[in-house]
Amino acid sequence: QVQLVESGGGLVQAGGSLRLSCSASGRTFSSYAMGWFRQAPGKEREFVARIIWSIASTYYADSVKGRFTISRDNAKNTMYLQMNSLEPEDTAVYYCAAWLRIVPNINRVDYWGQGTQVTVSS
C-alpha cells in the first residue's frame, strides 16, 4: 500500500517559519492530489491545503492563505508545506494526506501519514 511519511515539524516562535515534507512511496504509487490536515489539542482534524498533482493547482484554508505554500517535487514524489508567519493558533499535529481519485468530499482521504508536531510559541 501507499506509505506517507511526514517530516519537518518542530518548535518555533511566533512569526517564524517551518517547512514540512511528505514523501510518498509504494509499489505503484500515484495520486490525484496530496495535501495537509492538522489537528490541534482537543479539536477536530481540519483541512489546511491541497495540490492537484498533475497540474499543481493549489487550494488553501482561509486561516493559512497567504502564509502557507504547498508544492510538490515530481522526481522525489514529495510534497512540501512552507509555513511562514506562524501563529500560536497554528500549533497542531500536521498530517499528510493523499487522494487516489477525485472525490466530492475533501475529507474522504485514501491515505494518511503518521503526523508531525508543529508547536508555535507566543
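The values are calculated or read from the model by the stated rules, or taken from the named source; none is laboratory data. Computed from a predicted model, the values in this text were never measured in an experiment. Note that each Cβ is placed from the backbone with ideal geometry, even for glycine, and that neighbours are counted across all protein chains shown. For the accessible areas, the whole protein counts, side chains as well, though only heavy atoms, and no ligand, DNA or RNA atoms are used. Shrake-Rupley method; radii C 1.70, N 1.55, O 1.52, S 1.80 Å.
Pulled fully out, how much extra length does the chain show between residue 55 and residue 39, if you take 0.36 nm times their separation in residues and subtract their Cα-Cα distance? Write out the running numbers ahead of the final one.
Details: separation 16, 0.36 × 16 = 5.76 nm, distance 2.76 nm.
Once the chain is fully extended between residue 55 and residue 39, it gains 3.0 nm.
Using the Karplus relation 6.51 cos²θ - 1.76 cosθ + 1.60 with θ = phi - 60°, the per-residue 3J(HN,Hα) values for the range 67-77 come to 10, 9, 9, 9, 8, 9, 10, 4, 4, 9, 6 Hz, with x marking Gly and Pro. Here the contact order of the chain, divided by its residue count and restricted to Cα pairs under 8 Å and six or more residues apart, works out to 35 percent. Using a probe of 1.4 angstrom and keeping all protein chains present, the accessible surface of the chain works out to 55 square angstrom per residue.
Of the beta bridges in the chain, as assigned by DSSP with both residues counted there, near 90 percent are antiparallel.
Using unit Cβ charges (K, R positive; D, E negative) and no other charged atoms, how large, in debye to the nearest 20, is the dipole of the chain about its Cα centre?
Values: 12 positive and 9 negative charges, 71 e Å.
Dipole magnitude for the chain comes out near 340 debye.
Rank by packing, highest mean first: peptides 2-13, 82-93, 99-110, with packing defined as the count of other Cβ atoms within 10 Å averaged across residues.
Values: 2-13: 15.7, 82-93: 17.2, 99-110: 11.9.
Averaged packing, sorted descending, gives the order 82-93, 2-13, 99-110.
In order along the range 108-120, phi translates into HN-Hα couplings of 7, 8, 7, 9, 10, x, 7, x, 9, 7, 10, 10, 10 Hz, rounded to whole numbers, per the Karplus curve 6.51 cos²θ - 1.76 cosθ + 1.60 with θ = phi - 60° and x for Gly and Pro. For the range 88-106, backbone nitrogen atoms closer than 16 Å to the point 7 Å from residue 1 Cα along Cα-to-C-beta are found at 96-101. Working from label points 7 Å from Cα in the Cα-to-Cβ sense, the residue 19 to residue 87 distance is 2.4 nm. Near residue 59, the amide H atoms lying under 5 Å from its own belong to 50; only residues 5 or more places off or on other chains count, and H is placed 1.01 Å from N. When a/c is below 1.5 the answer is rounded, else prolate if a/b is larger than b/c, else oblate, so apply that to the range 1-40 with a ≥ b ≥ c taken from the square roots of the Cα gyration tensor eigenvalues. The shape class here is prolate.
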